[in-house]
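Below: the structure, in structure tokens.
The values are calculated or read from the model by the stated rules, or taken from the named source; none is laboratory data. Predicted, not measured: the structure shown is a model, and the values here were computed from it. FYI the Cβ positions are ideal-geometry reconstructions off the backbone, even for glycines, and counts take in every protein chain you see.
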Amino acid sequence: MAIFDATLFPFGVGLVAILVAIFIIRWILKKDSGTDRMKEVSGYIVVGTRAYLKRQIKTIFLAMPWLAALLSYFFGWQTSLTFICGALLSLLAGYIGMNVAVRANVRATNAARKSSAATFRLSFMGGAVTGLLVTGISMLGLYVLRLIFSGPEDLQVLVGFGFGASLAALFAQIGGGIFTKSADIGADLVGKLEEGIPEDDPRNPAVVADLVGDNVGDCAGRGSDLFQTFSDDIITGMILGVLFVWKYGPNAIIFPFVLESVGVVASMIGISIVKERKRLSHSTVLYIGLLTTAIIGAGGLFILANFMMNDITLFLAGVFGIIAMLTSTFVALYYTGLTGKPVRQTAECSKGGPAINVITGLSFGLQSPILPIVAVIASIVLAYWVSGGSAYALIAANISTDIIITFIMASDTFGPITDNAGGIAEMSGISGEASKTLEGLDAVGNTMKAATKAYAMASGTYTSFTIFATYFAAASIIGIDVTTPYAIAGLFIGVALPFPLASLTISATAKGAFKMVDEVRRQFKEILGLREGKATPDYAKCIDISTKFALKQMVLPGLLAIAVPITVGLLFGPTPLGMLLIGATASSAMLGFFFNNTGALLDNAKKLHETGLCGTKGSESHKASIVGDTVGDPLKDVAGPSVLIFMKLLGMTALLMLPAMLG
């Protein structure tokens, strides 16, 4: 099969994914937006998200020409072009998906006044738009670039695409995460604890900034994150595939691309069956959709392994990868689910005060990375073993972890849509059955966000492993003498690197929250009648504070991810840099699972009180759980996603500069 013919399949799937997304967008926009007050609140959110993203993109664009010029000078115009394409398409995928989410939220609020089933379906389909666009845009972009740079020797220039996508994702995730958690913490500490008002009360000046943040962080940021994971896996798979042309022919290069498209088809089928069903909870319906996607994807992998590659061991390797992802996802559901022991015990411990709540949450959080890491490593070892020691099996396993990525992105965006819908309902004065419906869906969305973060972390660990495997293969590094000081130094620097990144992001969130607390207190003090609901708070001021601060804080972590590997590589060479990648991957993976699961666990411990399953709203234990939630917020929504992107950006930076080190 010719390369051009085979890549027509991912091109066609990418095109169909985008067309389906457009169809869903049109379907969503035809739905009723509800009352004038609901439209007014939704308008605040739309204006806020546009204002933030416009300034974020402008900030990123200030740096892009300089980076593009440097890449062109050192690596050629081709790499510079792919870098620009990767960054722009990454931002585009997240931006469009977020714009749909901020229109789906108010329609979900209105649907809740009539039907739980309609609300569930609309919210999930709003999330599906992001998932379809992330994968569809990536496949179309890479297909066009492969037509332009068609030779096996041209694959190296595609590293620029992955580098651009990773850099844009890091900026988007850090900036969006700091924005949303600064607003969220400020709103909770002053609104809930000091003023004693509900979570999304319209009297709270920070409430709209909080709702805006859910979209710029969880929709746009996560969209850019999974875009770069999806793209990086295709690129590294094709580069490593060049070394196996002797065994599989040209299919060795295009197999990763085709397999990714099979996953998108499987996800579209999984998405289509998600709807409310009698005698099944919403969570169960989503789990069924997830498992259906995985099974169909595995079936597609079996066909490709047999008829395209003529190697059944690739199927077995891929199945191990899928099992590792599902294991990581369901472990996260245990640690963060409302019915699990960790969340319930943490919520019960809230009766002893906020300190015991946080200590209990941290103790469970420290347990949580063990099984996912064991599952990932076991799948890598088993894939390597069944294939007789072939590195190509790692490609199959890695790409197979992406088979459910479209469905995962739909589930992830479902969370902020339902969260926003609940906020709009509260601010619009909607109560009764509609409010209960949205509270229930918000709890489901919160748990699914934790599961999707665990999936992203496990998949990202696999991606990082494949990146440094590709790096070692391209650098012809067969063995490393770990007794040499340079190799050990590279390893320990890599292990240490995620800690200053996490410190920077958590510290920035704390500073942003402090500014928000000051502003909210000021407005309650100076705006007469605000407490009584007779005056309107200055929502725009809070949005502006979060925006300015978040954009300033996202630059330094990005420089850290680029400057350190370049410095180590140029000063000490490819081998110490390779050891740095190993250390950074191991450290980031452990920290990422810990941050994500701990934050979600503390969040859901608070949710137990708010759903009435463990104490009541306004009780002392509820207030203690709110403090725990504010501690967990920067862990799960800023530091966790940031170290995930960080470890992949390190690898893409190392791959990018490898020709310069070897030349």
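Among the residues making up segment 34-57, those that are among the small types (Gly, Ala, Ser) and closer than 20 Å to Thr119 by Cβ are Gly34, Ser42.
Specify which of the listed residues (Val129, Val144) is at pLDDT 90 or above and in contact with a Phe, Trp or Tyr (Cβ under 9 Å, 6 or more places away or on another chain).
Values: Val129 fails: in contact with a Phe, Trp or Tyr (Cβ under 9 Å, 6 or more places away or on another chain).
From the options Val129, Val144, the qualifying one is Val144.
For Thr616, the conditions (1) surrounded by fewer than 24 Cβ atoms within 10 Å (Cβ to Cβ); (2) in contact (Cβ under 8 Å) with a residue 24 or more places away in the chain; (3) over 19 Å from Leu70 (Cβ atoms) are fulfilled apart from (2). Applying the condition of being of a type in the set (Lys, Arg) and more than 26 Å from Ile395 (Cβ to Cβ) to segment 243-287 and asking which residue is nearest to the chain's Cα centre (by Cα) yields Lys275. Go through the residues of segment 48-63 one by one and say whether even a single one is crowded, with 16+ Cβ neighbours inside 10 Å and either over 23 Å from the mean Cα position of the chain (by Cα) or under 16 Å from Gly162 (Cβ atoms) (or both). Checking segment 48-63: not a single residue is crowded, with 16+ Cβ neighbours inside 10 Å and either over 23 Å from the mean Cα position of the chain (by Cα) or under 16 Å from Gly162 (Cβ atoms) (or both). In segment 128-176, the qualifying residues are those that are more than 22 Å from Ile96 (Cα to Cα) and of a type in the set (Gly, Ala, Ser), and the one that is nearest to the chain's Cα centre (by Cα) is Gly160.
Looking only at segment 14-55, count how many residues are assigned to a helix (DSSP H, G or I) and of a type in the set (Ser, Thr, Tyr).
Just the residues of segment 14-55 that are assigned to a helix (DSSP H, G or I), to begin with: 14-29, 36-55.
With of a type in the set (Ser, Thr, Tyr) added as a condition, the list becomes 42, 44, 49, 52.
Selection size over segment 14-55: 4.
Being surrounded by fewer than 22 Cβ atoms within 10 Å (Cβ to Cβ), in contact with a helix residue (DSSP H, G or I) (Cβ under 9 Å, 6 or more places away or on another chain), hydroxyl-bearing (Ser, Thr, Tyr) and touching a residue at least 24 places away in the same chain (Cβ under 8 Å) is the requirement here; does Thr313 meet it? Step through it out loud before you land on a result.
Details: surrounded by fewer than 22 Cβ atoms within 10 Å (Cβ to Cβ): yes; in contact with a helix residue (DSSP H, G or I) (Cβ under 9 Å, 6 or more places away or on another chain): yes; hydroxyl-bearing (Ser, Thr, Tyr): yes; touching a residue at least 24 places away in the same chain (Cβ under 8 Å): yes.
Answer is yes for this residue.
Which residues, counting only those in segment 590-613, are crowded, with 24+ Cβ neighbours inside 10 Å and either assigned to a loop (DSSP other than H, G, I, E, B) or of a type outside the set (A, V, I, L, M, F, W, C) (or both)? Of everything in segment 590-613, those that are crowded, with 24+ Cβ neighbours inside 10 Å and either assigned to a loop (DSSP other than H, G, I, E, B) or of a type outside the set (A, V, I, L, M, F, W, C) (or both) turn out to be Gly592, Asn596, Asn597, Thr598, Gly599, Asp603, Asn604, Lys606. May I ask you to verify whether Met647 is crowded, with 24+ Cβ neighbours inside 10 Å, under 24 Å from the mean Cα position of the chain (by Cα) and at pLDDT below 85? Answer is no for this residue. Could you check, for segment 395-416, whether at least one of its residues is at pLDDT 90 or above, in a helix (DSSP H, G or I), in contact with a helix residue (DSSP H, G or I) (Cβ under 8 Å, 6 or more places away or on another chain) and among the aromatic types (Phe, Trp, Tyr)? Yes, segment 395-416 contains a residue that is at pLDDT 90 or above, in a helix (DSSP H, G or I), in contact with a helix residue (DSSP H, G or I) (Cβ under 8 Å, 6 or more places away or on another chain) and among the aromatic types (Phe, Trp, Tyr).
Here the condition is being closer than 27 Å to Met516 by Cα, at pLDDT 85 or above and within 20 Å of the chain's Cα centre (by Cα); of Thr598, Thr585, it holds for Thr598 alone. Screening segment 196-272 for helices (runs of 4 or more DSSP H) wholly inside it with 3 or more residues that are modelled with pLDDT of 85 or more and among the aromatic types (Phe, Trp, Tyr) returns no ranges.
Annotation note: of Leu301, Leu291, the sole residue that is part of a helix (DSSP H, G or I) and either within 21 Å of Val20 (Cα to Cα) or touching a residue at least 40 places away in the same chain (Cβ under 8 Å) (or both) is Leu301. Checking Ser464, Ser476 one by one, the residue that is polar (S, T, N, Q), under 30 Å from Ala396 (Cβ atoms) and surrounded by fewer than 23 Cβ atoms within 10 Å (Cβ to Cβ) is Ser476 and no other.
Residues in segment 166-189 that are among the β-branched types (Val, Ile, Thr) and modelled with pLDDT of 85 or more: 2 in all. Restricting to segment 460-492, give me the number of residues that are more than 19 Å from Gly217 (Cβ to Cβ) and part of a helix (DSSP H, G or I). Total satisfying the criteria: 22.
Each row is one residue, and each column tells you yes or no for (1) of a type in the set (Ser, Thr, Tyr); (2) surrounded by 19 or more Cβ atoms within 10 Å (Cβ to Cβ); (3) modelled with pLDDT under 95; (4) outside any loop (DSSP other than H, G, I, E, B).
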position	(1), (2), (3), (4)
Leu286	no, yes, yes, yes
Asn306	no, no, yes, yes
Gly318	no, yes, yes, yes
Ile322	no, yes, yes, yes
Thr327	yes, yes, yes, yes
Leu338	no, yes, yes, no
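Might you let me know whether segment 615-623 holds any residue that is part of a helix (DSSP H, G or I), more than 22 Å from Gly337 (Cβ to Cβ), touching a Lys or Arg at 6+ places or on another chain (Cβ under 9 Å) and not basic (Lys, Arg)? Break it down into steps so the answer makes sense when it comes.
Let us first name the residues in segment 615-623 that are part of a helix (DSSP H, G or I), namely 620-623.
Add one more test, that the residue is more than 22 Å from Gly337 (Cβ to Cβ), and what stays is 620, 623.
Then drop every residue that is not touching a Lys or Arg at 6+ places or on another chain (Cβ under 9 Å), which leaves 620, 623.
Still in the list and also not basic (Lys, Arg): 620.
Yes; the residues of segment 615-623 include at least one that is part of a helix (DSSP H, G or I), more than 22 Å from Gly337 (Cβ to Cβ), touching a Lys or Arg at 6+ places or on another chain (Cβ under 9 Å) and not basic (Lys, Arg).
For segment 109-127, which residues satisfy the criterion of being over 10 Å from Glu276 (Cα atoms) and out of contact with any Cys (no Cβ under 9 Å at 6 or more places or on another chain)? Spell out the reasoning first.
As a first pass, look at segment 109-127 and keep what is over 10 Å from Glu276 (Cα atoms): 109-115, 122-127.
Correct list: Thr109, Asn110, Ala111, Ala112, Arg113, Lys114, Ser115, Leu122, Ser123, Phe124, Met125, Gly126.
Being of a type in the set (Phe, Trp, Tyr) and over 27 Å from the mean Cα position of the chain (by Cα) is the filter here; which residues of segment 502-538 pass it?
To start, the set of residues in segment 502-538 that are of a type in the set (Phe, Trp, Tyr) comprises 514, 524.
Correct list: Phe524 only.
Does segment 87-97 contain any residue that is closer than 30 Å to Gly429 by Cβ, out of contact with any strand residue (DSSP E or B) (no Cβ under 8 Å at 6 or more places or on another chain) and of a type outside the set (Ser, Thr, Tyr)? Checked against the condition, which is being closer than 30 Å to Gly429 by Cβ, out of contact with any strand residue (DSSP E or B) (no Cβ under 8 Å at 6 or more places or on another chain) and of a type outside the set (Ser, Thr, Tyr), segment 87-97 yields at least one hit. Only one entry in Pro576, Pro659, Pro634, Pro557 is more than 22 Å from Asp412 (Cα to Cα) and modelled with pLDDT of 85 or more, namely Pro576.
Contact map, segment 548-568: residues that are over 16 Å from Leu67 (Cβ atoms) paired with residues that are aromatic (Phe, Trp, Tyr) and surrounded by 15 or more Cβ atoms within 10 Å (Cβ to Cβ), Cβ distance under 7 Å, separation 6+ or inter-chain. Pairs shown: Ala550/Phe179.
Within segment 147-165, restricting attention to residues that are modelled with pLDDT under 85 and part of a helix (DSSP H, G or I), which residue is surrounded by the most Cβ atoms within 10 Å (Cβ to Cβ)?
Initially, segment 147-165 is screened for residues modelled with pLDDT under 85, giving 149-156.
Still in the running and part of a helix (DSSP H, G or I): 152-156.
Values: Pro152: 15, Glu153: 8, Asp154: 13, Leu155: 19, Gln156: 22.
So, considering only residues that are modelled with pLDDT under 85 and part of a helix (DSSP H, G or I), the one surrounded by the most Cβ atoms within 10 Å (Cβ to Cβ) is Gln156.
Could you give every pair whose Cβ atoms fall below 8 Å, whose first residue belongs to segment 581-601 and is farther than 25 Å from Tyr486 by Cα, and whose second residue is surrounded by 22 or more Cβ atoms within 10 Å (Cβ to Cβ) and among the acidic types (Asp, Glu), counting only separations of at least 6 or pairs across chains? Listed by first residue and then by second, the contacts come to Gly599/Asp633; Gly599/Asp637.
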